[in-house]
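Each remark here refers to the structure printed beneath this line.
The values are calculated or read from the model by the stated rules, or taken from the named source; none is laboratory data. A quick note: this is a predicted structure, and the numbers were derived from the prediction, not measured. Heads up, the Cβs are rebuilt from the backbone with ideal geometry, glycines too, and the neighbour counts pull from every protein chain shown.
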Amino acid sequence: MMDAFNEISRLIAARILGSSMTDEENRRLDEWLQASPEHQETFKRIRHFEMVKHLLKLDRADYGKQMATRFKRAFCLRKRSDLIFRRVCISAGIAACLLVGFFIAQIYSRHPVSEEQPPVASFVITPGETAAILTLADGRQIDVREKGEKAMTRLLDSIAQVAPQDRDGSIAYQTLTIPAGGEFHCFLPDGTEVWINSQSSLRFPEAFTATERRVYLQGEAFFDVKKDADIPFVVSMSQGDITVFGTRFNITDYADQPLSAVLVEGSIGFCAENGQPVRLQPSQRITYDRDNGNINIETVDTSIYTAWVEQRFVFRGQTLEEIMNTLARWYDFNPIFTSDSIRHIRLSGRLNRYDDIRILLQSYEYTTDIKFRIEGKDIFITQ
């Protein structure tokens, strides 16, 4: 019976996505549709599912072929590259079809479809959303998901205009905390624009002083600093400070990895805990490892590190562990590796931040011997 479900789901997926079908396949699907009004209603509901619409859009945008081309460029083994490319082209072309087929099989083999609650929801690792908690100087907390992003922005603006001081004359601080699967974009009191990534927090004053603009970051954020040569902008982190005079840059300071700063334009200076100052030029990336005190500077493609601000993931020759940890912060899941050797496999790929994560994972499965299994909030990675 399950084989019949899978066969019908495959044929439905092929027709919805406009994939090539033989006369025999068209005949079998037409017979199935004509056999019962319920079959026709099932086909109609499946065709209108939002996830199916989204995959159809990706398929028509030639997403699979683009992924295949990028994989070919990423592989260094020349003897295998052409074979890999052909394999990816074929598999990427049917990736969306396979995903739709999976959804249909779940729908068709379970209970009648409900428009209010698609039965496959429990099988999907969902992307993140705009989410933040603002903790005011007096301890009050405001959730952006309850108040709304526009209302939160107006609140931040009004606080910056009033900017009351504490009794001792110092400026009161407030904190934006971003949960796993969240992100937030806002303007600081001086007009500096900042994007804060998942599992991060930014502590900043309600108004800056006349001598310094200092904020405190944990996690990751992209800054577009308002230029003011007389008042330096300083980002304080657990492992050092970044000093800025008006520029665009990305900082990553998560507890489980070395500090990283990537300069897009302008100039920034980094001062580690040991007091050693370092200057960065555009397109340079600095990493600092607190454990051994090493500072490394290299020239990089900045788009890899700032893609998240433009709602994309870009991976180029990164370890699978780095890739999965990055995805986990946004999709809010737990990556579980069945062996340490898998962690160090290097891969490349791209994914829009609001796409189904399985689009990328299936691309990896078709080009390597790595397998991914989703169980609730866990993704098991095997080889």
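Odds and ends about this structure:
- For the range 189-203, filtering for residues that are at pLDDT below 95, in a loop (DSSP other than H, G, I, E, B) and surrounded by fewer than 21 Cβ atoms within 10 Å (Cβ to Cβ) leaves 3.
- Residue under evaluation Glu273, criteria (1) crowded, with 19+ Cβ neighbours inside 10 Å; (2) farther than 30 Å from Thr130 by Cα, criterion not met: (1)
- Listed by position, the helices (runs of 4 or more DSSP H) enclosed by the range 283-383 that each have at least 2 residues that are surrounded by 14 or more Cβ atoms within 10 Å (Cβ to Cβ), in contact with a Ser or Thr (Cβ under 9 Å, 6 or more places away or on another chain) and in contact (Cβ under 8 Å) with a residue 12 or more places away in the chain are 320-331, 340-343, 358-367.
- So Asp241, is it surrounded by fewer than 19 Cβ atoms within 10 Å (Cβ to Cβ), modelled with pLDDT under 90 and farther than 26 Å from Leu327 by Cα: no
- Subset of the range 239-263 [part of a strand (DSSP E or B), within 20 Å of the chain's Cα centre (by Cα) and among the aliphatic types (A, V, I, L, M)]: Ile251, Leu259, Ala261, Val262
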